[in-house]
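Report on the following structure.
The values are calculated or read from the model by the stated rules, or taken from the named source; none is laboratory data. On a predicted model such as this, the values are computed, not experimentally measured, just so you know. Note: ideal-geometry Cβ built from the backbone for every residue, glycine included; neighbour counts use all protein chains shown. Calculation scope for accessible area: heavy atoms of the full protein, side chains included, ligands and nucleic acids excluded. Shrake-Rupley method; radii C 1.70, N 1.55, O 1.52, S 1.80 Å.
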Amino acid sequence: MIIKVDDTYHSKVINYLKREPDFNLFIIGDIERYGYDNYFLDIWAGIDKKGHIEGVLLRYFEYLIFYSQGNFNIDEFANLINNLNYIEISGKLDVLQKLERKICVNRKRIVKFCVLDDSSKLNDIEIGLRPKKIRFGNINKVAKLYEEIDEFENTTVENIKSGLRTGRGYCIEVNKKVVAMAKSTLETRTHAMIVGVGTHPNFRNKGLATKCIVKICSEIINENKIPCLFYDNIEAGKIYNKLGFKEKGYWGIYYR
């Protein structure tokens, strides 16, 4: 059966999610940050006949994340998902594929999930230009860079501010203009997700965004956290591999 869980289930839910803490960064982070009693966040757990958790579904506004490490009641979770008002559902690809034919899916995106496995490779990158911390005072410059990069759509100053509340960011300026950046978000006690890596088209192939990644990852590691990231661009993947990131599997994003 599936039940909506509250803080009385906290230890049981967290212990289950920590079987694969890298993949469950989003769910663990939201629980740590918001708890179980919020109008915009709900958490359900599938419970087997022995009382063990077999799957966890999180709703954050109109976004869903699903996780299971083994078998779960596919029909029960599919029925619950189909009755929710959601925009997208994401999770480990091999888990979502079990639900794929039973839920409403319009299109999907598949990305590779990586964690920083060898931090010593960060030391091989020469810094040169020093990345500056992204603060509320230079967010407008960062937003202008987003407008210059095709991969980023509909990013606003408020979106950037919201991300910085759960992470940090660094950028590189040339002639007082932000030309490269990288950020982290959803930082938990143990992990941090690297996002928003980008460079102005006129300043690419100079390693500028890489310097921002190195700066953020070095800080994160010094705080005993593990940097993670998603990517679906082959050239970007080569850079991440050079920095010491290792692929852990695939992440699926299914759009309703």
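What does the net charge come to around Y240 if you take all other residues with beta carbon closer than 13 Å to its beta carbon, with K and R at +1 and D and E at -1?
+1
Mean-square fluctuations from a GNM of the chain, with a 10 angstrom spring cutoff on Cα atoms, peak among N159, N85, N175 at N175.
A crude spin-label estimate for the pair Y34 and D94, with each label 7 Å from Cα along the Cβ direction, gives 2.9 nm. For the chain, modelled as a GNM whose springs connect Cα atoms under 10 angstrom apart, the maximal fluctuation among I31, I149, I89 occurs at I149. Taking the 1.4 Å solvent-accessible surface of the chain as the whole, the part contributed by carbon and sulfur is 44%.
Could you tell me what % of all Cα pairs in the chain have separations over 24 Å? Distances greater than 24 Å cover 50 percent of the Cα pairs.
Using only the Cα atoms of segment 1-135, build the gyration tensor, take square roots of its eigenvalues as a ≥ b ≥ c, and label the shape rounded, prolate or oblate: rounded if a/c is under 1.5, else prolate if a/b is larger than b/c, else oblate.
Prolate, since a/c reaches 1.5 and a/b exceeds b/c.
Highest GNM mean-square fluctuation, the chain, Cα pairs closer than 10 Å: which of G91, G244, G167? Of G91, G244, G167, the Gaussian network model singles out G244 as fluctuating most. Just read off the accessible area of Y16 with the full protein assembly in place, 1.4 Å probe, to the nearest 10 Å². Here the accessible area works out near 10 Å². Computed about its Cα centre, the charge dipole of segment 69-134 is approximately 320 debye, with only Lys, Arg, Asp and Glu carrying charge at their Cβ.
Charged neighbours of Y254, selected by a Cβ distance under 14 Å, balance to +4 (K, R count +1; D, E count -1).
Normalised per residue, the accessible area of the chain is 53 Å², obtained with a 1.4 Å probe and no contribution from ligands, DNA or RNA. When a/c reaches 1.5 or more, the comparison of a/b and b/c decides; with that in mind, is segment 135-256 rounded, prolate or oblate per its Cα gyration tensor? Rounded, because the longest to shortest axis ratio a/c is under 1.5.
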